[in-house]
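Enquirer: Here it is: the structure, laid out below.
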Amino acid sequence: MAMVGLFWITEGCVYLGAKPTGTAPGVRLTGEGVEILGDGQGGRFWGWDEVRGLDVRDVAVRSSGRRLASMAFDSVVVLLTGDGEHPPLFTVCVETERDGTVEASALAAVAGGIHTPDEYALSRTLLARLADGTTPVGQLLGWRREEPEDVAPTKDQRLALLREWTTASV
C-alpha cells in the first residue's frame with residue numbers, strides 16, 4: 001500500500017485517509033463504488049452510477065516548511081510528555097441523488113495529518129474526476145499493482161501521479 005495525496009492505495013481498493021481498522025471511521029473506494037466504514041457511520045454504499053460528487057473538508061493544509069515545523073513540534077511534545085495524539089479526522093462528503101450529501105469522517109494517514117496545498121488541490125480534483133467517471137478507481141489500483149510493495153513514492157513522484165490522474169483521459 002502507498003499514500004498518494006489523500007489516498008491510501010492498496011491492490012484491491014483505495015481509502016480516503018488511513019485504512020481503518022476495527023471500528024475506526026473511513027471511506028473506501030472500489031471499482032464498484034463508495035463505502036462508508038466505521039462504528040456509527042458505516043454500512044452505507046453507493047455504486048459509481050449513484051455518486052454525483054466527492055469532496056473533503058477539514059483537511060490540515062500547510063506549506064512544506066510549516067508542515068515540517070508542525071511535525072517537529074509534535075515530535076518534541078510526544079518526546080517530553082510521552083503523550084501522542086490519534087491522527088486527526090477530516091470530513092468526506094459523498095453527494096448522491098437519492099441521499100443528498102452524506103458526510104463521513106476519515107483518519108488522516110500522513111505524518112502529522114498535514115498535506116501540502118498542491119497535494120490537497122490535486123486530491124480534490126481527483127475526487128471530482130472519480131465521482132464523474134473521468135478517472136476510474138482502477139487506474140489508481142493498476143498503478144499500485146505494478147509497484148513493488150515495499151517502495152513508497154517520493155513527494156515529487158506522488159505529485160506527478162496526482163497530476164497524471166487528474167489530466168489523463170479515459
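Enquirer: Answer rounded, prolate or oblate for the stretch 88-141, using the Cα gyration tensor with square roots of eigenvalues a ≥ b ≥ c: rounded when a/c is under 1.5, else prolate when a/b is larger than b/c, else oblate.
Expert: oblate
Enquirer: Can you give me the long-range amide H partners of Val4? Hydrogens built in the peptide plane at 1.01 Å from N, cutoff under 5 Å, separation of 5 or more residues or another chain.
Expert: Ile9
Enquirer: Given H placed 1.01 Å from N in the peptide plane, which residues other than close sequence neighbours of Val27 have an amide H under 5 Å from its amide H?
Expert: Under 5 Å from the amide H of Val27: Leu16, Leu37.
Enquirer: Taking θ as phi - 60°, what are the ³J(HN,Hα) couplings along the stretch 97-110 by the Karplus curve (6.51, -1.76, 1.60), each to the nearest whole Hz, with x for Gly and Pro?
Expert: Working through the residues one at a time gives 5, 6, 9, x, 9, 10, 9, 9, 9, 9, 8, 5, 10, 7 Hz.
Enquirer: Pull out a ≥ b ≥ c, the square roots of the eigenvalues of the alpha-carbon gyration tensor of the stretch 120-170, then state rounded if a/c is under 1.5, prolate if not and a/b is larger than b/c, and oblate in the remaining case. Walk me through the numbers on the way to the answer.
Expert: Values: a/c = 2.37, a/b = 1.42, b/c = 1.67.
It is oblate, given that a/c is not under 1.5 and a/b is not larger than b/c.
Enquirer: From the Cα gyration tensor of the stretch 6-55, with a ≥ b ≥ c the square roots of its eigenvalues, which class applies: rounded if a/c is under 1.5, or else prolate if a/b is larger than b/c, or else oblate?
Expert: On the way: a/c = 1.78, a/b = 1.21, b/c = 1.47.
Oblate.
Enquirer: Residue by residue, what Karplus-based ³J(HN,Hα) values in Hz, rounded to whole numbers, does the stretch 30-38 have, using 6.51, -1.76 and 1.60 with θ = phi - 60° and x for Gly and Pro?
Expert: Going residue by residue, I get 10, x, 8, x, 10, 10, 8, 10, x Hz, with x marking Gly and Pro.
We did not get these values from a lab; they are worked out from the coordinates using the rules stated. These figures come from a predicted structure and were not determined experimentally.
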